[in-house]
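In what follows, a single structure is set out as structure tokens and then discussed.
The values are calculated or read from the model by the stated rules, or taken from the named source; none is laboratory data. Just so it is clear, the structure is predicted and the values come from calculations on it, not from any experiment. Methodologically, a virtual Cβ is constructed for each residue, glycine included, from the backbone with ideal geometry; neighbour enumeration extends over all protein chains shown. Accessible surface areas use protein heavy atoms only, side chains included; no ligands, DNA or RNA. Shrake-Rupley method; radii C 1.70, N 1.55, O 1.52, S 1.80 Å.
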Amino acid sequence: MSEPLWRLSALEIANLIRTREVSADEVLEHFVQRIDMLEPSLNSFVRSLRSRARKRARRLDSALAKGLQDERAFVGVPFGVKDTEAVRMSRFHVGSRAFRWLWSPVDVPAVKRMRAMGLNFVGKTTTSELALQPVVETDLQPPTVNPWN
């Protein structure tokens, strides 16, 4: 593979996982390392879901090694879900200290659909307070910045 994983599309990454050219665990670790490298300057994640993501990646790799097929469009692709969305067994703040206690026992419908497509949630990404502003400058953490500008 000549291109680094982070330059590939989600569909290309899923195809590499599906055909076992790369494991879901390797893909996840590649993106975790990239997040760790860039996160201090971007401030884009508010919650890590890495331990769950690692378990899901290993289960997927095990199933694929046993010959089971997984035709979901984005199978094993690491993904950050916005902190406006409730993810089962996780807290979400909706960008506000007022909701720091909010916890969900279930996935919202959008998250269910993302899971059904095979996405592997690596963390919750920032949002403005109550998702009302186009910029993320809350009391929860330093401002989130655009990596391209």
Residues located in region 75-100, provided they are in a loop (DSSP other than H, G, I, E, B), open to solvent by 50 Å² or more (accessible area, probe 1.4 Å) and closer than 25 Å to Leu60 by Cβ: Glu85, Arg88, Met89
Search result, residues across region 74-86 that are closer than 16 Å to Arg52 by Cα and either acidic (Asp, Glu) or over 11 Å from the mean Cα position of the chain (by Cα) (or both): Val75, Ala86
Of all residues in region 1-23 being acidic (Asp, Glu) and not in a helix (DSSP H, G or I), the one that is farthest from Gly67 (Cα to Cα): Glu3
Which numbered condition Arg58 fails, given (1) in a helix (DSSP H, G or I); (2) open to solvent by less than 60 Å² (accessible area, probe 1.4 Å): (2)
Meets criteria (of a type outside the set (Lys, Arg) and part of a strand (DSSP E or B)) for Val135: no
Unique residue being at pLDDT 95 or above and more than 26 Å from Lys112 (Cβ to Cβ) when the list is Glu12, Glu3, Glu21: Glu21
Cβ pairs under 6 Å, 6+ apart, first in region 73-91 and among the hydroxyl-bearing types (Ser, Thr, Tyr), second buried (at least 21 other Cβ atoms within 10 Å of the Cβ) and outside any strand (DSSP E or B): Thr84/Thr127
Identity of the residue in region 101-132, of a type outside the set (A, V, I, L, M), open to solvent by 50 Å² or more (accessible area, probe 1.4 Å) and not in a loop (DSSP other than H, G, I, E, B), that ends up modelled with the lowest pLDDT: Glu129
Neighbours by Cβ (under 6 Å, 6+ apart or cross-chain): first from region 30-56, in contact (Cβ under 8 Å) with a residue 24 or more places away in the chain; second outside any helix (DSSP H, G or I) and surrounded by fewer than 17 Cβ atoms within 10 Å (Cβ to Cβ): Leu42/Val145; Leu42/Pro147; Asn43/Gln141; Asn43/Pro142
Val94 being out of contact with any Phe, Trp or Tyr (no Cβ under 8 Å at 6 or more places or on another chain), of a type in the set (A, V, I, L, M) and at pLDDT 95 or above: no
